[in-house]
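A.B. asks: Mind looking over this structure? Questions follow.
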Amino acid sequence: MGLRTPLYDSHLATGARMVDFGGWDMPLHYGSQIEEHHQVRREAGIFDVSHMGVVDITGADATAFLQYLLANDVGRLQAPGRALYTAMLNPDGGILDDLIVYRLADGYRLVVNAGTRQRDLEWIRGQAAGRQVEVTERRELAMIAVQGPLARARCASVMTDAQAALAERLEPFHGQAEGDWFIACTGYTGEDGLEIMLPAAEAAAFWNALQGAGCKPCGLGARDTLRLEAGLNLYGADIDEQTSPLAANMAWTIAWEPETRDFIGRRALERQRQAGDLPRQVGLVLEQRAVLRSGQKVMIDDREGVITSGSFSPTLGCSIALARVPRNTGDSARVDIRGKWLDVQVIRPGFVRNGIKLF
């Protein structure tokens, strides 16, 4: 038996197919992954993301500590309520995790991946030793993501007036507390929407209220195809501790300035940047009737790459993938699918945003 979120019984009651995900019993789908995918693109879907880790960092050294721990610079978060995306690296520049940081009134909140949750916590606490920093895992919180063009309106319809006002005005990459709830707007689907962190005891009632407002439950399957269409990395597939952010379309998350800021992995990244020989991440589009999958070989002339994640795109009606290829790859390549080489289009990562094709 795996770990269970506060919504486990709600998933069973809705007929979810449960699977193991990083040690957690999570819903794969509630009948049709394709329908759940379209629900998010067209209206609003809800996801149980309570398996993700919520860690608060407070104390006199909190800012300086996170500036050392993370590749992006939390000094850019000038006011409470702002958020940024970043990598947490090892000394070799490999990605221990990719995460979101929110600036709070009295510190910071990190939201980390479920599969790396325990390792992240141990790493953070180990790096914080000897500093005036308090590391608090918020296990008492559940988290529900509401995504889609109608997400805010349907979410607001079942909130208090104060919560609804915040939900409707919140800008992308911001998050703010309203009582015991924390409402954020960062997303993982390429659609508008919200992430609500709330006391676990209140999660089931809110989940049911959202369904009553027209939001459909969605599982891990739809979450994966949605994030792939958005061109977003999945930890353990597209990135891991052997992957440099410079090879994973994450160079923009590295704050090189000020030059005096030392962060874990900086020296390794500087050597990699100077060498300029790392592969790069691209998007692939296959128009023929076949499906791109992780591990498939990509050929560019006589050079090789590999697909890190791929699937059929319900929105586009064709197969898409993220791949790691030689840095000077052009706009076309071939993929080996069961011994047959098929032509693919090479694009910048990102296929769909707000329901619109990007290429």
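A.B. asks: From the list Thr5, Thr14, which one is among the β-branched types (Val, Ile, Thr), within 19 Å of the chain's Cα centre (by Cα) and either buried (at least 19 other Cβ atoms within 10 Å of the Cβ) or modelled with pLDDT of 95 or more (or both)?
C.D. replies: Result: Thr5 is the single residue among Thr5, Thr14 that is among the β-branched types (Val, Ile, Thr), within 19 Å of the chain's Cα centre (by Cα) and either buried (at least 19 other Cβ atoms within 10 Å of the Cβ) or modelled with pLDDT of 95 or more (or both).
A.B. asks: Somewhere in the stretch 274-283, is a residue in a helix (DSSP H, G or I) and more than 30 Å from Leu150 (Cβ to Cβ)?
C.D. replies: Yes, the conditions are met somewhere in the stretch 274-283.
A.B. asks: Please note which helices (runs of 4 or more DSSP H) are completely contained in the stretch 97-215 and include at least 2 residues that are at pLDDT below 95, open to solvent by 30 Å² or more (accessible area, probe 1.4 Å) and out of contact with any Leu (no Cβ under 7 Å at 6 or more places or on another chain).
C.D. replies: none
A.B. asks: Please go through the stretch 232-258 and give me each residue that is open to solvent by less than 10 Å² (accessible area, probe 1.4 Å) and under 14 Å from the mean Cα position of the chain (by Cα), ordered by number.
C.D. replies: Asp238, Ile239, Ala248, Met250, Thr253
A.B. asks: Checking the conditions here, which among Arg293, Arg327 is surrounded by 14 or more Cβ atoms within 10 Å (Cβ to Cβ) and either modelled with pLDDT of 95 or more or assigned by the TED database to the domain that holds Gly221 (or both)?
C.D. replies: One residue alone meets the criteria, Arg293.
A.B. asks: If the Cβ limit is 8 Å and pairs must be 6+ apart or interchain, which residue in the stretch 253-268 that is under 19 Å from Ala83 (Cβ atoms) and assigned to a loop (DSSP other than H, G, I, E, B) pairs with which residue that is open to solvent by less than 40 Å² (accessible area, probe 1.4 Å) and charged (D, E, K, R)?
C.D. replies: Between residues of the stretch 253-268 that are under 19 Å from Ala83 (Cβ atoms) and assigned to a loop (DSSP other than H, G, I, E, B) and residues that are open to solvent by less than 40 Å² (accessible area, probe 1.4 Å) and charged (D, E, K, R), the close pairs are Ala255/Asp73; Ala255/Arg261.
A.B. asks: Among the numbered criteria (1) open to solvent by 40 Å² or more (accessible area, probe 1.4 Å); (2) closer than 17 Å to Arg227 by Cβ; (3) aromatic (Phe, Trp, Tyr), which one does Phe47 miss?
C.D. replies: (1)
A.B. asks: Just to be sure before I move on: is Gly350 within 21 Å of Val40 (Cα to Cα), not acidic (Asp, Glu) and not in a strand (DSSP E or B) in the structure I sent?
C.D. replies: The answer is yes for Gly350.
A.B. asks: Please work out which one of (1) surrounded by fewer than 20 Cβ atoms within 10 Å (Cβ to Cβ); (2) in contact with a helix residue (DSSP H, G or I) (Cβ under 8 Å, 6 or more places away or on another chain); (3) farther than 28 Å from Arg267 by Cβ is the condition His38 fails and give its number.
C.D. replies: With respect to (1) surrounded by fewer than 20 Cβ atoms within 10 Å (Cβ to Cβ); (2) in contact with a helix residue (DSSP H, G or I) (Cβ under 8 Å, 6 or more places away or on another chain); (3) farther than 28 Å from Arg267 by Cβ, His38 is out only on (2).
A.B. asks: Here's another thing I want to ask about it. From the list Ala162, Ala184, which one is over 18 Å from the mean Cα position of the chain (by Cα) and over 19 Å from Ala64 (Cβ atoms)?
C.D. replies: It is Ala162.
The values are calculated or read from the model by the stated rules, or taken from the named source; none is laboratory data. Quick caveat: nothing in here was measured; it's all calculated off a predicted structure. Cβ atoms come from the backbone with ideal geometry, glycine included; neighbour counts cover every protein chain shown. The protein model used for the area step is the full one, side chains on, heavy atoms only, and it has no ligands, DNA or RNA in it. Shrake-Rupley method; radii C 1.70, N 1.55, O 1.52, S 1.80 Å.
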